[in-house]
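Here is the structure we will look at, set down as structure tokens.
The values are calculated or read from the model by the stated rules, or taken from the named source; none is laboratory data. What you see is a predicted model, and the numbers here were worked out from it, not measured in a lab. Glycine also receives a Cβ, built like all others from the backbone with ideal geometry; neighbour counts cover every protein chain displayed. Heavy atoms of the whole protein, side chains included, go into the accessibility calculation; ligands, DNA and RNA do not. Shrake-Rupley method; radii C 1.70, N 1.55, O 1.52, S 1.80 Å.
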Amino acid sequence: MPHVRSAAERENGSGGDVTPGTPSPTHGARVRQRKRSSDVPSDVNKTNSANLLLNDQNKYKSMLIRTYSSLWMMAGFVFLIYMGHLYIWAMVVVIQIFMASELFNLLRKANEDRQLPGFRLLNWHFFFTAMLFAYGRFLSRQLVNTVTSDKLLYKLVSGLIKYQMFICYFLYIAGFVWFILTLKKKAYKYQFSQYAWTHMILLMVFAQSSFTVANIYEGIFWFLLPASLIAINDVAAYFFGFFFGKTPLIKLSPKKTWEGFLGASVTTMLSAFVLANFMGHFQWLTCPRKDLSTGWLHCDPGPMFTPESYDLPGWIRWREVTIMPIQWHALALGLFASIIAPFGGFFASGFKRAFKFKDFGDSIPGHGGFTDRMDCQMVMAVFAYIYYQSFVMVQDLSVETILEQILRNLTFEEQHDLYEQLGKLLTRGN
């Protein structure tokens, strides 16, 4: 008689009679089942839970080290803000050098470097060439205004600015030829990968940091407020995640939580509104700097920093409230700092995971390297510059703008001729 399979045999996938000596599927062999896409391994959930700051056994020690480092950095930062625009620019340059050093070292291979003497020097040649190109374009106006009192120095500086692009291009071509001449047969792949890596570093560091310097000279406010919002968002996210974080936010950064992200967003928005009002009362922060001097500043704050009164409904205790127009713009900066800028940090986290290292460096105890601290700042600096140029800066021609064009494009003799021509026109008008 044909064998009829039982219900149990059908469930286990066995067919027909069991051969003697062969273990039964229900006893000896493990039945393989396809893992469903919705099934999450328990070890993954355990790993994500263990990575949260809430479950970190050494979190208080880590927080203490991080707090001490932050206080020291904050004290130095406040001192440089007090010293002025030129010193803040110098700080940005120093940070860039540290960042470049950290990034250059990421993909270095000691064996290859020993066979290529001078190859590291080539990286720094490209670095300082990019620095001359980026800052020369942004700070030419301030440099010319600084030396107008000295005729010889003015001519020298004007010539450097006029041929700045050619000088930078020549320096870059010199580095390019240098690279070609140093190629070695067994190191082609390593050298070309380092060449591409160097250019990526220059793009990351200077394409964003040059906007930071431009923001400084438009008024320290446009540097200080965005930078402060990123720091506040970072600190708030850390503490909200430290005490309340339970829900992982993104796999690229296991210690980030939704509680930290949302708490930091609210804190950053409120801080932006309050800080804009506080900073807007100081001309040292709001006045643009037209030269490279370090003296005190006095200027008309303009309508953006002039408080306006708003009437409140009768059921509110206060009849009116005064708000600076810049505070509404600060909300836009706060929104970007809390929602978009953190993705700069996520990008850095993904990059570190791709190359299997924890931090870009160890220059700052408890924080990692300078690149670890600047990932979100670079994204924010570009947005602050573009936002200022698009929505805040007055686009109309002014006397200062015309004078700037005259100083940049006319020689000393041509400026003298222009002065005489303007004198004649004014005399005829009278």
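Assorted remarks:
- When a 1.4 Å probe is rolled over the protein heavy atoms, the share of accessible surface on region 230-369 that falls to carbon and sulfur comes to 68 percent.
- Positive-end residue of Gln115, Met99, Tyr68, charge dipole of region 65-127 with Cβ unit charges: Gln115
- For Leu249, nonlocal amide neighbours, meaning residues 5 or more places apart or on other chains whose placed amide H falls under 5 Å from its own, are Lys256, Thr257, Trp258.
- Here region 137-221 is treated with +1 on each Lys and Arg Cβ and -1 on each Asp and Glu Cβ, and its dipole about the Cα centre works out to around 440 debye.
- Total charge dipole magnitude, region 283-391, about the Cα centre, Cβ charges on Lys, Arg, Asp, Glu only, Debye to nearest 20: 380 debye
- Backbone geometry of region 323-335 corresponds, through the Karplus equation with coefficients 6.51, -1.76 and 1.60 at θ = phi - 60°, to 3J(HN,Hα) couplings of 9, 7, x, 5, 5, 5, 5, 4, 4, 5, 5, x, 5 Hz, x marking Gly and Pro.
- Inter-centroid distance (Cα atoms) of region 205-257 relative to region 362-411, Å: 17 Å
- Greater than 28 Å apart at Cα, pairs in Lys162/Lys424; Lys189/Lys255; Lys186/Lys251; Lys162/Lys290; Lys184/Lys352: Lys162/Lys424; Lys189/Lys255; Lys186/Lys251; Lys184/Lys352
- Phi to ³J(HN,Hα) by Karplus 6.51 cos²θ - 1.76 cosθ + 1.60 over region 234-248, Hz, x for Gly, Pro: 5, 5, 5, 4, 5, 6, 5, x, 5, 9, 10, x, 9, 10, x
- Contact order relative to length of region 117-200, as percent, for alpha carbon pairs under 8 angstrom and 6 or more apart: 40 percent
- ³J(HN,Hα) computed for each position of region 97-108 - Karplus, 6.51 cos²θ - 1.76 cosθ + 1.60, integer Hz, glycine/proline x: 5, 4, 4, 4, 4, 5, 6, 4, 7, 4, 9, 6
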